[in-house]
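Here is the structure we will look at, set down as structure tokens.
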Amino acid sequence: MGDEVVISKRMRACSHGGTYSVNPRLVRLDYSSSINPLGAPRKAITAIKTNTSSLAQNYPDPECRGLKKSLSRYLGIDPEWISVGNGAIEVIYWFVQAAFVKGRVVIPAPTFCEYELASEKAGAEVTFVPLHDLELEADQVIEKARGADAVFLCNPNNPTGILATKQIMKILENVDSSTRILLDECFIELADNPNANTMIEQISEFDNLVILRSLTKSFGLAGLRVGYGVCNPALAKKLSANKIPWNVNGLAQVAGVAALLERRYLSKARTLVKKERKFLHDNIDKLKSFRPLRSDSNYFLVHLQGRNSTQFRDRLLKKTGVLVRDCSTFTGMGTQYIRLAVKMHRENMLLLKALEAFDHND
Ligand SMILES: Cc1ncc(COP(=O)(O)O)c(C=O)c1O
């Protein structure tokens with residue numbers, strides 16, 4: 001059984017970061033949500049402003065045809081392969097509820113907690129496969145996936161920020177095609193070398209694969225709620241069988257279309273993330289009380305060297321207004337890690353100042 005952990009039909013805590021995870025009035029700087037540091041693209045905001053009065057009073061296109069066309073161009077994939085949801089979160093729940101998940105699912109740990117929460121709500125048993133030194137164990141996942149309904153994978157993983165593309169390819173090639181795989185790439189456009197790490201180009205090779213994407217992180221549109229799944233049209237039909245009509249509002253649809261035109265915006269964000277991640281990593285590493293971990297993405301873990309992460313988050317917030325992600329609610333993560341987003345240089349300086357205050361005075 002190795003390091004396997006089975007949690008049977010028992011609801012676990014699943015919480016998120018963000019301003020509303022604490023008293024919002026205390027938050028001056030949110031380092032708990034890992035959104036594109038450049039914010040929403042200007043074209044998306046202009047599209048919202050220009051279209052507000054016409055779209056507010058009309059029903060949106062229930063099929064999101066314009067947005068699917070834009071996503072199709074953006075991904076180089078036919079529109080029938082794309083299912084648009086109210087955020088990626090809706091697609092996760094579709095995946096679970098479309099009868100893809102009944103008996104047992106396999107989830108590496110730690111990872112994004114909604115996979116386990118949605119599966120447990122559907123009555124499934126979850127087999128966790130612990131990461132080893134925060135790396136994905138492909139062979140373990142393949143072994144545990146035998147007879148499972150579904151496997152959930154996240155690349156880059158949340159909360160580690162680490163890409164595991166080789167291991168994921170191995171899993172895709174070795175898991176039986178009767179087991180459905182949800183591969184969450186919601187952060188991949190802000191990670192290093194997205195084109196070399198995404199499975200979008202290989203999607204037609206795997207009939208059991210749904211790739212999950214979102215405009216939340218990549219295009220800084222968290223409040224608008226636009227996510228999508230990519231899979232073959234037969235699977236797509238099953239995936240969105242329970243979709244409610246008008247699930248994506250009209251302003252979100254036009255903002256999405258406008259955002260996808262801003263190709264340079266993503267490469268600019270990636271350059272900034274890489275530079276600022278190194279800046280934060282190098283400077284946090286100089287402090288006694290914090291050990292930053294390597295990451296390929298726009299967020300990274302920090303080990304607190306003996307401190308409790310929930311208490312640390314609360315004390316830092318109260319004293320400095322900086323909110324960090326307490327990772328103790330991730331299954332298998334323990335109580336000594338926080339996750340930090342990578343933001344603009346000016347904000348990162350303020351974060352460092354806040355951490356420094358706790359290095360010397362706490
Ligand atoms: C890995 C991962 N996938 C999906 C989501 C949900 O994305 P969305 O805002 O598009 O629903 C999150 C949100 O934090 C996430 O961390």
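Coordinate-derived values only; no laboratory data. The model shown is predicted, which means the values in this text are computed figures rather than measured ones. Note: ideal-geometry Cβ built from the backbone for every residue, glycine included; neighbour counts use all protein chains shown.
Could you pull out every one of the lysines with an alpha carbon less than 26 Å from that of Lys102, ignoring same-chain neighbours closer than 8 positions?
Qualifying lysines at Cα under 26 Å: Lys9, Lys121, Lys144, Lys170, Lys237, Lys238, Lys243.
Spelling out what I want: for every residue of the range 133-147, take phi, set θ = phi - 60°, compute 6.51 cos²θ - 1.76 cosθ + 1.60 (Karplus), and round to whole Hz; glycine and proline get x.
Those phi angles translate into 6, 6, 9, 6, 9, 4, 4, 5, 5, 4, 5, 5, 6, 4, x Hz.
If we count every other residue with Cβ under 12 angstrom of Asn247's Cβ, Lys/Arg +1 and Asp/Glu -1, where does the sum land?
On the way: positive: Arg225, Lys243; negative: Asp61, Glu63, Glu90.
Its environment carries a net charge of -1.
Please name whichever of Met169, Tyr115, Asn58 sits farthest to the positive end of the charge dipole of the chain, dipole taken about the Cα centre and charges placed at Cβ: Lys and Arg +1, Asp and Glu -1.
The listed residue farthest towards the positive side: Asn58.
Please list, in chain and number order, the residues 5+ apart from Val151 or on another chain whose amide H is under 5 Å from its amide H, with Hs placed from the backbone.
Amide H neighbours of Val151: Val106, Arg180, Ile181, Leu182.
With runs of 4+ DSSP H residues as the only contributors, calculate the mean residue ellipticity of the chain at 222 nm using -39,500 (n - 2.57) per run, divided by the residue total and rounded to the nearest 500.
Numbers: 12 runs with 132 residues, N = 362.
That comes out to -11000 deg cm²/dmol.
For the range 335-342, what does the Karplus curve 6.51 cos²θ - 1.76 cosθ + 1.60, with θ = phi - 60°, yield as ³J(HN,Hα) per residue in whole Hz, taken in order and with x for Gly and Pro?
10, 10, 10, 10, 10, 10, 7, 9
Could you please state, rounded to a whole Å, how far the C-alpha centre of the range 240-264 is from the C-alpha centre of the range 88-132?
Each part's Cα centre sits 25 Å from the other's.
Straight-line reach from Lys69: which aspartates and glutamates have a Cα under 18 Å away, not including same-chain ones fewer than 8 places off?
Correct list for Lys69: Asp61, Asp78, Glu80, Glu201, Glu262.
Hey, in the chain, which Cys have no second cysteine's beta-carbon closer than 4.7 Å?
Cysteines of the chain left without a disulfide-compatible partner: Cys64, Cys154, Cys186, Cys231, Cys327.
If you average the sequence gap of Cα pairs under 8 Å that are 6 or more apart and divide by the length of the range 190-272, what percent do you get for the contact order? Intermediate results must be reported in sequence, preceding the final value.
On the way: 64 pairs, mean separation 24.4, N = 83.
Contact order relative to length: 29 percent.
Could you grab the relative contact order for the chain? Cα pairs under 8 Å, six or more apart, rounded to a whole percent.
Details: 725 pairs, mean separation 92.2, N = 362.
Relative CO of the chain lands at 25 percent.
How big is the C-alpha Rg of the range 42-259 next to the rule-of-thumb value 2.2 N^0.38 Å, as a ratio? Walk me through the numbers before you get to the answer.
Numbers: Rg = 17.1 Å, N = 218, 2.2 N^0.38 = 17.0 Å.
For the range 42-259, the normalised Cα radius of gyration comes out at 1.00.
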